[in-house]
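S.K.: Quick one: this structure, given as structure tokens, is what I'll be asking you about.
A short reminder: the numbers here are calculations on the coordinates, not readings from a lab. Keep in mind that what you see is a predicted model, and the values were worked out from it rather than measured. Backbone-built Cβ (ideal geometry, glycine too); neighbour counts: all protein chains shown.
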Amino acid sequence: MRVHGFPEDVKLLPRVRPISEHCPSVHERFRLKRSVGPTRSARKYGTSKAHPSHRAPRRGNGPRAPPRLVPRAGEVETLEGDEPEKIGINLSPLRRMARGGSGSPRKDVEPFVKAGDTAADLGCHAGYYTFALAECVGPEGRVHAVDLDSEAIRAVEREASERGYRNVETHACSAANLGFLKDGSVDFVLANGLLCSMPQDREAAVGEIQRVLKPGGRAYLSLGMPPPFGHVNRAEWERILAGFRVERRGRGWRAKWALVSGR
């Protein structure tokens, strides 16, 4: 095809179509992925669910499973006759809809503490559970927020100051050195995803938890990613639990949490 103003040997290339025209499935997957919850079609059809054409695809022909808010019955081992649903602390706030937990930090920790208790949040980060514990123990109680990251501790201090929490004490130190706590002085220790993030001194941290727990006090221990991303393998996890009296625990290596008390 000859074009005015160009030499005869110059030809225009055909128009390049957008990728959605070449690969409609790519465009469709992107559109389906974005439609989560009520959409414009949901409002149009007057229902809380999206129109079938806007629902994300699923494998198989069975019903779509709802988000799992509590551990399945087969993943929880109850050793003392307690309801497994009460174990609801999340490994991470970002996963509260995928792992156990109610999505509310206060509801998660309420079964473990009461007014006037002393609690220790080891590896507190920005205080997701710290302030929930502070609300549960009340002004007559005390919460010790411990984290090796000084920036995280400063964030907890700012939040405590802004929200008026006077029962929160912060400590920028390792969980392997809790010298500011007396022997047998803590009612509840929260070590949520702590041990797996410690490349060293894990044995010392476990020893400190055992030391500071009151007779009858309890601790919630959980792990995150297994090796090589985490530092605690299955054998070490069992050795850690052997040093406590296990009240409840997740069944299987994938459910790596336990509610324990001192021996």
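S.K.: Among F180, F188, which comes first, second and so on when ranked by fewest other beta-carbon atoms within 10 Å?
M.R.: Least to most surrounded, the residues fall as F180, F188.
S.K.: Continuing with the same structure: What trypsin sites (Lys or Arg not before Pro) in region 151-210 are in a loop by DSSP, with at most 13 other Cβ atoms within 10 Å of the Cβ?
M.R.: R166, K182
S.K.: Within region 208-251, list the trypsin sites (Lys or Arg not before Pro) lying in a DSSP loop whose Cβ has at most 16 other Cβ atoms in a 10 Å radius.
M.R.: Those satisfying the criteria are R251.
S.K.: Moving on. Between S161 and K214, what is the label-to-label distance in nm when each label sits 7 Å out along the Cα-to-Cβ direction?
M.R.: Rounded to a tenth, the inter-label distance reads 3.1 nm.
S.K.: Which loop-located GluC sites (Glu not before Pro) does region 121-197 contain, where loop means any DSSP state but H, G, I, E or B and the Cβ has at most 16 other Cβ atoms within 10 Å?
M.R.: E140
S.K.: Between A242 and N177, what's the calculated FRET efficiency when r is the beta-carbon distance and R0 is 22 Å? Round to 0.05.
M.R.: The computed FRET efficiency comes out at 0.45.
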